[in-house]
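Trainee: Quick one: the structure is below, and I'll ask about it shortly.
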Amino acid sequence: MSKPGPTILIRWAHSLGAKREELVPLAWAFVYFFCLLCGYSILRPVRDEMAIEGGLQYLPWMMTATFLTMLAATPLFGWLSARCSRYRLILTVYAFFIANLLTFYALMTSHLHPEWVARGFFVWLSVMNLFIVSVFWSFMADLFTPDQGARLFGVIAAGGSSGALLGPLFTTGLTFLFPIPVLMVVSSLFLGACIGCVYRLERWGRTQTMHHRGQQGEPLRGSFLAGIRLTVSSLYLLGICGYLAFLTMTATFLYLEQTRLVSAYLDQPEARTRLFSSLDFTTGLLTWVTQMFVTKRVISRFGLVAPLLFLPVLSLIGFLGIVLWPTLAVYVVFSVLRRVGEYALSKPAREVLFTVVSREEKYKAKNFIDTAISRGGDASTAWLVTAVKALGATSIHIAWALVPLMGLWAWLATVLARQEKVRSASTVSSTTESSSSTA
């Protein structure tokens, strides 16, 4: 007769889509992403308020500064990844951002040039959040096989959503007790906890013999510009760039319009910060529920095509809604639903796309795509919106123009899902042949 403890454990693992031996790394990955997004989400409402305090007219400039910073940082990351082991690379990235947080604490408490500190913080956090999340998912794609990614990434993403759910609550509660600079210190503590999770996952990864064979934890070598070269030489990676460009372009337009309307409706910084916190909390709650009860079932039943298609279809409906009712309420509801779809469905599916590329592409090309391509889309969209509005276009006109582009985005989503399936089958076939020849 089987013992009740192991039986319950096996059933619980099966309900999560995990095998019993995968529970330990799954738990550490869950906690890792929880701490990561909790630390970031504590600061996100502050960044949105800093965008207003720094001057809405300067938002295109701040987004451009973010993009230029990304262009400078991407080759540096490529240089580090060519010379550092996987563990040292991730440790260096998080230690650097922890030091930055403590520096902002000192700057904010000094009250020197607050408007420039606000603009600098907006740019820095826009860079930081993409880098730490990109490194996280590169690590996950390196640790887990395509099959494991399809089964486990939804649960791991729920860990991040849990952190994103609690982060705004920390922000709201702490701002009643402490000044805003203290949030920098609290966020740095969560990033420090991530380093411990990386250590445990790295130990587990080195015990694997099939997927993690060879020099998986060693430096990647190669040129510091390899991420750009690898991206432009692969139609598959260029397709992912296109998907992300559509996502970024539409998200930036919504962000600019929503921020403008919030600034017009609310004139108190505290009220705006709490509104942003409440929107982040609502997004986090809906995302968590979706990831825990929907994501795995959708990917298991329909593959990647359904989660990748969700955002284009939702955006088509949302932009038609803006055309008919261009109010703050419509922007808020549309923005929240899009962010839920991004975090709960599109993001896990996009990360599975990277499980079928080379290890060098997982770190160097992926980092370039997640950072430079994303923030380049932010900057170019901000200037494009500013330019067409200067020519007399309204938000309704822009929404109309985006509607047909959503069809192209949907087509690209189906192509990427099909290509991932082909590459995954090829990887499984190669692994099987390799095992047979070894035996």
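The values are calculated or read from the model by the stated rules, or taken from the named source; none is laboratory data. Owing to the predicted nature of the structure, the values given are computational and were not obtained by experimental measurement. All Cβ positions, glycine included, derive from the backbone under ideal geometry; neighbour counts span all protein chains shown. Heavy atoms of the whole protein, side chains included, go into the accessibility calculation; ligands, DNA and RNA do not. Shrake-Rupley method; radii C 1.70, N 1.55, O 1.52, S 1.80 Å.
Trainee: Regarding Pro219, is this residue assigned to a loop (DSSP other than H, G, I, E, B), modelled with pLDDT under 95 and open to solvent by 80 Å² or more (accessible area, probe 1.4 Å)?
Mentor: Judged against the criteria, Pro219 is not a match.
Trainee: Report the residue count in segment 66-96 for those that are closer than 21 Å to Ala379 by Cβ and either of a type in the set (A, V, I, L, M) or in contact with an Asp or Glu (Cβ under 7 Å, 6 or more places away or on another chain) (or both).
Mentor: So the answer is 8.
Trainee: Tally the residues that are touching a Pro at 6+ places or on another chain (Cβ under 7 Å) and on the phi > 0 side of the Ramachandran plot, restricting the search to segment 102-148.
Mentor: Of the residues in segment 102-148, 0 are touching a Pro at 6+ places or on another chain (Cβ under 7 Å) and on the phi > 0 side of the Ramachandran plot.
Trainee: Can you pull out every residue in segment 347-358 that is open to solvent by less than 10 Å² (accessible area, probe 1.4 Å) and under 10 Å from the mean Cα position of the chain (by Cα)?
Mentor: Pro348, Glu351
Trainee: Restricting attention to segment 9-30, which residues are at pLDDT below 70, open to solvent by 60 Å² or more (accessible area, probe 1.4 Å) and among the aliphatic types (A, V, I, L, M)?
Mentor: Leu9, Ile10
Trainee: Sticking with this structure for a sec: Going by what's in this entry, would Val415 be described as within 14 Å of Gly303 (Cα to Cα) and open to solvent by 40 Å² or more (accessible area, probe 1.4 Å)?
Mentor: no
Trainee: Just to check your reading of the model, which residue among Gly154, Gly173, Gly160, Gly167 is under 17 Å from Ile98 (Cβ atoms) and either acidic (Asp, Glu) or assigned to a helix (DSSP H, G or I) (or both)?
Mentor: The unique qualifying residue is Gly167.
Trainee: In addition: Got a sec? Which of Trp400, Trp411 is among the aromatic types (Phe, Trp, Tyr), free of Cβ contacts under 8 Å to residues at least 12 places away in the same chain and part of a helix (DSSP H, G or I)?
Mentor: The conditions single out Trp411.
Trainee: Which pairs have Cβ atoms under 7 Å, sit 6 or more apart or on different chains, and link a residue in segment 186-203 that is in contact (Cβ under 8 Å) with a residue 40 or more places away in the chain and under 17 Å from Leu102 (Cα atoms) to one that is β-branched (Val, Ile, Thr) and part of a helix (DSSP H, G or I)?
Mentor: Correct list of pairs: Val186/Ile42; Ser187/Ile42; Ser188/Ile98; Leu191/Ile98; Gly192/Ile98.
Trainee: Further, regarding this structure: Can you give me the number of residues within segment 70-104 that are open to solvent by 10 Å² or more (accessible area, probe 1.4 Å) and in contact with a Cys (Cβ under 8 Å, 6 or more places away or on another chain)?
Mentor: Final tally of qualifying residues: 1.
Trainee: To continue, here is another question. Condition test on Gly284, is it of a type in the set (Gly, Ala, Ser) and open to solvent by 20 Å² or more (accessible area, probe 1.4 Å)?
Mentor: Criteria not met by Gly284.
Trainee: Could you tell me which residue of segment 372-394 is farthest from Phe253 (Cα to Cα), considering only residues that are over 27 Å from the mean Cα position of the chain (by Cα) and assigned to a helix (DSSP H, G or I)?
Mentor: Out of the qualifying residues, it is Ala390.
Trainee: Pro269 fails exactly one of the following numbered conditions: (1) surrounded by fewer than 21 Cβ atoms within 10 Å (Cβ to Cβ); (2) of a type outside the set (A, V, I, L, M); (3) at pLDDT 85 or above. What is the number of that condition?
Mentor: Checking Pro269 against (1) surrounded by fewer than 21 Cβ atoms within 10 Å (Cβ to Cβ); (2) of a type outside the set (A, V, I, L, M); (3) at pLDDT 85 or above, the one that fails is (3).
Trainee: What residue, of Pro168, Pro146, is open to solvent by 10 Å² or more (accessible area, probe 1.4 Å), modelled with pLDDT under 85 and in contact with a helix residue (DSSP H, G or I) (Cβ under 9 Å, 6 or more places away or on another chain)?
Mentor: One residue alone meets the criteria, Pro146.
Trainee: Across segment 107-129, what is the total count of residues that are small (Gly, Ala, Ser), within 13 Å of Thr69 (Cβ to Cβ) and touching a residue at least 60 places away in the same chain (Cβ under 8 Å)?
Mentor: The number of residues fulfilling the criteria is 1.
Trainee: Can you tell me which residue is nearest to Cys35 (Cα to Cα) among those in segment 108-123 that are hydrophobic (A, V, I, L, M, F, W, C) and open to solvent by 30 Å² or more (accessible area, probe 1.4 Å)?
Mentor: Only one residue fits best here, namely Trp116.
Trainee: A follow-up question, please. With the structure loaded, tell me whether Glu420 is open to solvent by less than 10 Å² (accessible area, probe 1.4 Å), modelled with pLDDT under 95 and within 20 Å of Ile299 (Cβ to Cβ) or whether it fails that test.
Mentor: no
Trainee: Quick check on segment 287-337: of everything there that is surrounded by 19 or more Cβ atoms within 10 Å (Cβ to Cβ) and of a type in the set (S, T, N, Q), which residue is nearest to His397 (Cα to Cα)?
Mentor: Once the filter is applied, the top-ranked residue is Ser315.
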